[in-house]
There are 2 protein chains.
Amino acid sequence: MSLVAVGSVGLDTVETPFGKVEEVIGGSAVYFSLAASLFTRIQIAANVGNDFPDRIWQLLAERGADLSGIKVIEDMPTFRWSGRYQGDMNEAETLRTELNVLALPPETPESYGGSPFVFLANMGADVQLATLQRLQGRYVFADTMNLWIETQRDLLLELMAKLHGLILNETEARMLTGETNLIKAGGALLDLGPRVVVIKKGEHGAFLFERSFHFALPAYPTAQVVDPTGAGDSFAGGFLGALADMGSLEPTALRRAMALGTVTASLTVEHFSTGGLEAADRKEVDRRFRELHEFVRL
Amino acid sequence: MSLVAVGSVGLDTVETPFGKVEEVIGGSAVYFSLAASLFTRIQIAANVGNDFPDRIWQLLAERGADLSGIKVIEDMPTFRWSGRYQGDMNEAETLRTELNVLALPPETPESYGGSPFVFLANMGADVQLATLQRLQGRYVFADTMNLWIETQRDLLLELMAKLHGLILNETEARMLTGETNLIKAGGALLDLGPRVVVIKKGEHGAFLFERSFHFALPAYPTAQVVDPTGAGDSFAGGFLGALADMGSLEPTALRRAMALGTVTASLTVEHFSTGGLEAADRKEVDRRFRELHEFVRL
């Protein structure tokens, strides 16, 4: 089944203990789509400036992606983000943000309306709600961040009641529910509407909460994390791409999708920017899936 | 097979977001032995003052423990520790320590010499090395802490070359190896001698490293962590108690022991002091084992 992704395209400047890169390819919709395109047909909607390299669109087209929702804003630059990771690299420190084309809401073509799976990447809950209205997706998943939890809590709660799934990190889960214990936070988030809640914990893996079962998975055991930028969106892309490919949200499919999202995220963190996702193929994904399966087999 | 534990008996004063308790039963040898006694015959060696309640010795005797290595120092008080946990409770803040009887090295009776499994709880590496000399254990496991990594690094490295297994937390693993990435740290610790390395990550579970395989397990999904004191020693007690019970260090046994250690630690953190371990039985352990198995089944 096909999958719509609405989010950002960006140029990132990132510093980690392993080096620094400037104005490299990034953005939630880009990481998500490159990840999802390993599993299913992806339809992307995002605004981009006239200064973004073509390479990624060519690669996504080769992987069967529908790019008709990529809108080039001719007289504006692409969104810029600059950040730094230190120590255990579990948290990014944002140094600078230039919204540029991100100030305009993304537009989704009519042809995207029939896609059963939808991912609303991290954007204001107001923009996510407006986007949701134009799409008829049966299985809508969304991400969010601390900024919207603080400034648009009511709209976010309105959105959550309409979502099938919410994907967020542990800090956001604690902030949104007021619960320190993540098992409690997961239950509290389910009470707010979504049928599926995924709490990402970076190097510590992820939890999935659903009414009928809970599931925990560690991160793929990579020995070299070079740059965590985009790991969360790559996880979401692998997770939803795999679900759309399987066309199911049964427990077995959700467990398998968690593992494929985990593996996809591991491809991202071993390289700066989208290098890992660009080089990857299903064979490498499947090899890592088997390794992860062995790593957690009780 | 039987299992010797050498460590501390203590009276703890602990404050967590869920309350405060004063001069309650604690100590590494106590948590470890209560946990291990759910699985196997345990032989305990520790110094205790004349002010420690008898209740625990009675319970351990009922569970078949050998207490001939418990030495009561008549004219000295028991070891005291006072600490506080805040926020996510992942790290204890030590407020006060009174060594008292802990200043004297523990003595192991001759009759403990034939036990194939040995656990040297957190003590100075000098004391651990001296204790090791008096025991003939084939499978000796040890714990350590930041203090000894800083002040007795050379002795600790000498000890590690003689150990079968090392059990430590993620902060200690990073400090001992200089590696931030825990997968790398696990490999580096294996290079220092032990055949088995377990890195405990608190609420995020634990890793096991062995030459032939790696294994990751999340914590048991408990919704109410009241007091993490003793969780690490309870994990070690469940882990080694289960291994001694199975009489094997094959991968299958190590995976199962990790799960039983995890379950045993969950019994501890849901109550102050040793309340959870005192009330527990194998039926509850087995119920939680099945739940954990389902929680991680990919």
One computes Rg over Rh for the range B:3-296 from alpha-carbon atoms, with the Kirkwood Rh, and obtains 0.93
In debye to the nearest 20, the charge dipole size for the range A:1-85, taken about the Cα centre with +1 at each Lys and Arg Cβ and -1 at each Asp and Glu Cβ, equals 300 debye
Most fluctuating of B:Gly238, B:Gly187, B:Gly261 in the GNM of chain B (C-alpha, under 10 Å) is B:Gly187
Percent antiparallel among DSSP beta bridges confined to the range A:3-296, rounded to 5, stands at 40 percent
CD proxy, 222 nm, chain B: helix-only mean residue ellipticity via -39,500 (n - 2.57) per DSSP H run with n ≥ 4, per residue, nearest 500, stands at -11500 deg cm²/dmol
A correct fewest-to-most ranking of B:Asp75, B:Asp12 by other Cβ atoms within 10 Å would be B:Asp75, B:Asp12
With +1 on the Cβ of every Lys and Arg and -1 on the Cβ of every Asp and Glu, the dipole magnitude of chain B about its Cα centre, in debye rounded to the nearest 20, is 980 debye
Taking a straight Cα-to-Cα line shorter than 20 Å from B:Lys184, and setting aside same-chain lysines fewer than 8 residues away, one finds A:Lys201, B:Lys200, B:Lys201
A chain fully extended from A:Thr252 to A:Ala92 at 0.36 nm per residue, minus the present Cα-Cα distance, gains in nm 54.3 nm
Hydrophobic long helices for chain A, i.e. whole DSSP H runs reaching 15 angstrom or more by Cα along the axis with Kyte-Doolittle mean at least 0.0, come out as A:231-246, A:251-269
Other residues with Cβ under 15 Å from the Cβ of B:Ile73 give, with Lys and Arg +1 and Asp and Glu -1, a net charge of -3
Distance in nm between B:Met145 and B:Ala279 label points, each 7 Å along Cα→Cβ, equals 2.7 nm
Checking B:Phe52, B:Phe18, B:Phe119 against a Gaussian network model of chain B (alpha-carbon springs below 10 Å), the top fluctuating residue turns out to be B:Phe18
Calc'd 3J(HN,Hα), the range A:202-217, phi into Karplus 6.51 cos²θ - 1.76 cosθ + 1.60 (θ = phi - 60°), Hz, glycine/Pro = x, comes to x, 4, 8, x, 8, 10, 10, 10, 9, 3, 8, 6, 10, 9, 10, 9
Between the alpha carbon centres of the range B:123-154 and the range A:212-227 the gap in Å comes to 32 Å
Note: B:215-227 gets an average of partner chain Cβ contacts (10 Å, Cβ to Cβ) equal to 5
With +1 on the Cβ of every Lys and Arg and -1 on the Cβ of every Asp and Glu, the dipole magnitude of the protein assembly as shown about its Cα centre, in debye rounded to the nearest 20, is 1640 debye
Expressed in nanometres to one decimal, the distance between label points 7 Å along Cα→Cβ at A:Gln224 and B:Gln224 is 4.8 nm
Contact order relative to length for chain A, counting C-alpha pairs under 8 Å separated by 6 or more residues, stands in percent at 18 percent
With x for Gly and Pro, the residue-by-residue ³J(HN,Hα) of the range B:76-87, computed from phi through the Karplus equation 6.51 cos²θ - 1.76 cosθ + 1.60 at θ = phi - 60° and given in whole Hz, is 9, x, 5, 3, 10, 9, 10, x, 9, 10, 10, x
The FRET efficiency for B:Leu190 and B:Glu158, from their Cβ-Cβ distance with R0 = 22 Å and rounded to 0.05, is 0.85
Relative contact order in percent for the range B:223-298 (Cα pairs under 8 Å, 6+ apart) equals 36 percent
Debye calc, one equal point scatterer per Cα of the protein assembly as shown, no solvent, log10 I(q)/I(0) at q = 0.05, 0.10 1/Å comes to -0.24, -0.85
Percent antiparallel among DSSP beta bridges confined to the range A:165-253, rounded to 5, stands at 65 percent
Neighbour-count ranking for B:His271, A:His293 (other C-beta within 10 angstrom, fewest to most) reads A:His293, B:His271
Counted neighbours (other Cβ, 10 Å), sorted fewest up, put A:Lys283, B:Lys20 in the order A:Lys283, B:Lys20
When the charge dipole of the range A:3-296 is computed with +1 on Lys and Arg Cβ and -1 on Asp and Glu Cβ about the Cα centre, the Cα farthest towards its positive end, among A:Phe18, A:Gly230, A:Ala265, belongs to A:Ala265
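Each reported figure results from applying straightforward, stated rules to the coordinates on display, with no laboratory input. Values in this document were obtained by computation on a predicted structure and should not be read as measured data. Every residue, glycine among them, receives a Cβ derived from its backbone with ideal geometry; neighbour counts consider all protein chains shown.
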